[in-house]
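Below you'll find the structure, written out as structure tokens, and then a few comments.
The values are calculated or read from the model by the stated rules, or taken from the named source; none is laboratory data. Given the structure is predicted, the values throughout are model-derived calculations rather than measurements. Cβ sites come from the backbone with ideal geometry, for glycine too, and all protein chains shown count toward neighbours. For the accessible areas, the whole protein counts, side chains as well, though only heavy atoms, and no ligand, DNA or RNA atoms are used. Shrake-Rupley method; radii C 1.70, N 1.55, O 1.52, S 1.80 Å.
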Amino acid sequence: GLYENSYTAFLEKAASRKNLHVLSNMYVDRVKIQDGRAIGVIAQRPFANGLRGPEYLVGARREVLLAAGAVGSAALLRRSSPSLSELVRPLRDQALITLAWHCGACNVTQEVLQTVKALHGHGDKHLVEQLQSRDVMYGHGLVMNLAGQKVLVLGRIVKCWACAPGVLGDQLEMNIVLLQPHSFEFDVSADGQLSDVDRLTHEGDIKAAVEGARLVKAAVQTMPEYEQLQLTPAGMFHEDPEKDLRAGGGIYSFFGGTATCRLGDVVDGELKVKGVRGLRAADASVLPEPPAGRPYFSIIKVAHVAAQLAMRDAMSK
């Protein structure tokens, strides 16, 4: 199949429209607010040496639409005014735990996932031959309920040229993703930096991650290749998953960040930022929590609703 992204699916088809103007190589610093209304954005064109040039006001006759993502939109609000900065909420994300084994040449991801499925022994899971998100990094995945949480288990084989001293060949990586953890949050600063969070703190999250790690370990150890290829643990959570997870460290973002401009707290039911006229947000930041999967299709729906609302308001004036 063909790989699609936002440019090929949407922007490329709209590029010839007379009412669309794309300014490349521009950095938007903040929203310009005057008398409680967003009148445009302040943008700068960076120089080759990394410094930024003079500021430009790009005006908006009707409204400004933020679509810089859960991190970018939050950072823009923080830089725009103190009152908007106070609205920003912590970024809620999906949590990633990775277990890895070295092997000379192995291709057992499907077998491992099928074994995880059998060991789990419930009927509420399904094997996905190719992830619907079409994430080219991962070939196969399994969604299941563990400790009351929706968990995604992913498997992939990666080439490993320096996994360990003297080790060449492949590495089997099994990734456990908590799709909607109770508490896995990051603060977003005005310059778009995230606070350093590398552990799970909610007991329910820890239980789901531990159960997932134990299932994956048990499944890998049933593979004939485990002894034949001398798969060697390479990473955290192998010896004692519960002890390792409670100790902290080794928990990463699965890049499903949402909720910094969450619906109800920061934007209203029409995606308008509270306290400022003429300003909407339409990206992952408005989702109250990460979806039970990859956020791509949820973001597309938010964009579709925002376009309909903006069109309605424009035609009513």
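General observations
- Per residue, the convex hull spanned by the Cα atoms of the stretch 1-84 amounts to 147 cubic angstrom.
- A cut-off under 10 angstrom between Cβ atoms defines the neighbours of E270, and their net charge, with Lys, Arg +1 and Asp, Glu -1, is +1.
- Of the trypsin sites (Lys or Arg not before Pro) found in the stretch 1-106, the ones in coil according to DSSP and having at most 13 other Cβ atoms within 10 Å of their Cβ are R17, K18, R61, R62.
- Within the accessible surface of the stretch 1-85, defined with a 1.4 Å probe on protein heavy atoms only, the carbon and sulfur portion equals 53 percent.
- Cα gyration tensor shape for the stretch 253-317, rounded if a/c is under 1.5, else prolate or oblate: oblate
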